[in-house]
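Visitor: Supplied in structure tokens, the structure appears directly below.
We did not get these values from a lab; they are worked out from the coordinates using the rules stated. Keep in mind that this is a model prediction, so the values were computed, not measured. Cβ coordinates were reconstructed from backbone atoms using ideal geometry, including for glycine residues, and neighbour counts include every protein chain displayed.
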Amino acid sequence: MEVKKEKPEIKQWHVIYTKSKWEKKVDNLLLQQGFDSWCPVEKKERFWTDRKKIIEVPLFRSYVFVKMSKEDHTKVLSTIGVVNFLYFEKKPAIIRDVEINEIKKYLGLATPNTSIEIIDLTNLPAQTKVAVNQGLFMNRRGEVIKSSKHNVFVRLESLNLVMIVEFKPHEVSPI
């Protein structure tokens, strides 16, 4: 008689989208359910008329990271405050452990005066200077003409000619 061995659960970091200003609450609820959840926060100095205070502000608005297996999908999605999973190319977005550790390392070194700017590359404003990260025009620099969720049109200049080239948002980075 053959005994089937169960495959170990593969847990990966997923990104979930939360209700506005619910990041910390959702993180807490997921932790209470036994999930490995993380809401990265940065310390910011806030001023009121009578005092100043250092508070923790979520680094990514409306996003929380949760390490889970595919089987946990429904349980996470049914947590109060969770809107949906973040998708990339029609699949749930997976964040590698290395990337999570890099963010944690950076936040551990950050001071209250450190400013972290999160840039959504899906809608780069016109006239943003960018570098091309891959493909035929790799290591070239240009200027964004227009962008959308799926495309970025960049003006590349060389030899007194101007080319307008269409890229995917992940193929360019602001400089």
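Visitor: For the peptides 100-107, 44-51, what is the packing order when you average, over each peptide's residues, the other Cβ atoms within 10 Å and list the highest mean first?
Guide: 100-107, 44-51
Visitor: Listed highest first by mean packing, meaning other Cβ atoms within 10 Å per residue, what order do 55-62, 142-149, 85-92 come in?
Guide: The most tightly packed comes first, giving 142-149, 55-62, 85-92.
Visitor: In 5 Å bins starting at zero, report the fraction of Cα pairs in region 11-77 per bin as a rounded %.
Guide: 4, 18, 25, 20, 14, 9, 5, 4, 2, 1
Visitor: May I pose another question? Hey, what did region 12-109 get for relative contact order, percent, Cα under 8 Å, at least 6 apart?
Guide: Dividing the mean separation by the residue count of region 12-109 yields 42 percent.
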